[in-house]
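One structure is given below, encoded as structure tokens.
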Amino acid sequence: MDNREKLFACITATSFVLDDLRLFLDTHPTDREALAHWEKLQKVRNEAVEEYTKCYGPINSYDVDVNNKWAWIEEPWPWEGRC
Amino acid sequence: MWSYEKRLQYPVNIKQPNPRLAQVIMSQFGGPDGELAASQRYLSQRYSTKNKKVAAILTDIGTEELAHMEMVCAIVHQLTRDLTPQQIVESGFEKYYVDHTLALWPQSAGGIPFNSCFFQSKGDPITDLVEDMAAEQKARTTYDNILRLVHDQDVCDPIKFLRKREIIHFQRFGEALRIIQDELDRKNFYAINPDFAADQCK
């Protein structure tokens with residue numbers, strides 16, 4: 001696994017934990033353990049997304065760095081797979 | 001407002017085309033218990049609910065269903081990518097192919113087009129949440145049925161992920177139903193619509 005794949009796998013994994021925690025917190029909004037877990041994972045995910053976006057291109061179009069080109073369309077779409 | 005992320009919720013990387021299997025799995029895109037129906041069910045129901053936790057769970061599960069729809073579509077797309085006319089005929093995919101070539105279109109495995117009658121949006125959170133719990137179980141059964149037909153690990157893996165999410169969603173909707181029932185007036189023991197004309201029940 002190269003650095004790009006590792007970083008992408010980290011984004012997938014941390015995003016999923018947050019997706020799952022989000023639903024749990026919707027019905028348990030004061031659960032301290034879940035809130036602490038959210039805070040920790042949110043930080044890891046934000047850092048991974050920031051680094052990935054800087055090195056390999058945007059995951060979210062709000063984060064496109066317009067440097068004389070529109071990078072949003074450059075990388076493959078997710079349904080294309082990686083094989 | 002939604003914001004698209006250029007990634008799948010769980011990876012889909014299928015190497016071996018299998019149009020016969022694609023025709024079965026597409027039911028979870030546009031079939032009666034599919035992800036399109038799931039997303040539109042929850043995202044339609046949320047507007048009339050007065051409970052903040054229930055509005056949140058409908059919004060967030062509805063949003064996750066959109067991501068699941070994308071995963072199912074990615075599976076179907078990768079199973080039917082670059083097919084030859086011979087593969088199409090041999091696999092029985094020609095009846096779909098003639099109308100849609102290799103595009104995605106929401107229908108059931110049996111060819112019945114997507115229909116909003118697959119779900120309800122009733123304006124009564126008890127009615128809606130009981131439907132939502134049933135919907136998650138129906139989708140879980142469908143994934144179980146699919147898994148009995150799949151022998152390719154590349155397909156099995158994301159389908160298993162989707163199946164597990166149905167179980168989590170069922171749990172969360174169960175909690176949402178309990179929250180609504182706990183907040184009802186004690187006299188409303190028939191749990192008559194707390195979001196409409198609630199005074200009539202007191």
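Compared with the dominant principal axis of the Cα atoms in chain B, helix B:35-45 is inclined by about 20°. Backbone phi angles across segment B:22-30, fed through the Karplus curve with coefficients 6.51, -1.76 and 1.60 (θ = phi - 60°), yield HN-Hα couplings of 4, 5, 6, 5, 4, 4, 7, 8, x Hz in residue order; Gly and Pro are listed as x. In order along segment B:79-87, phi translates into HN-Hα couplings of 6, 10, 5, 6, 6, 8, x, 5, 4 Hz, rounded to whole numbers, per the Karplus curve 6.51 cos²θ - 1.76 cosθ + 1.60 with θ = phi - 60° and x for Gly and Pro. One chain, two ends: B:ALA134 and B:MET1. Fully extended at 0.36 nm per residue, the span grows by 45.1 nm beyond their Cα-Cα distance. As a proxy for reagent exposure, ranking A:CYS10, B:CYS73, B:CYS117 by other Cβ atoms within 10 Å from fewest up yields B:CYS117, A:CYS10, B:CYS73. With contacts taken as Cα pairs under 8 Å and at least 6 residues apart, chain B reaches a relative contact order of 28 percent. For the protein assembly as shown, the convex hull drawn through the C-alpha positions has a volume of 154 cubic angstrom per residue.
Residue order for B:ASP82, A:ASP31, A:ASP65, fewest other beta carbons within 10 angstrom first, comes to B:ASP82, A:ASP65, A:ASP31. Among B:MET26, B:MET69, sorting on how many other beta-carbon atoms sit within 10 Å of each Cβ, with the fewest leading, yields B:MET69, B:MET26.
Taken together, the values in this text are just the output of simple stated rules run on the coordinates, not laboratory data. Quantities reported herein were computed from a predicted structural model and do not represent experimental measurements. Every residue, glycine as well, gets a Cβ built from its backbone with ideal geometry; the counts of neighbours run over all protein chains shown.
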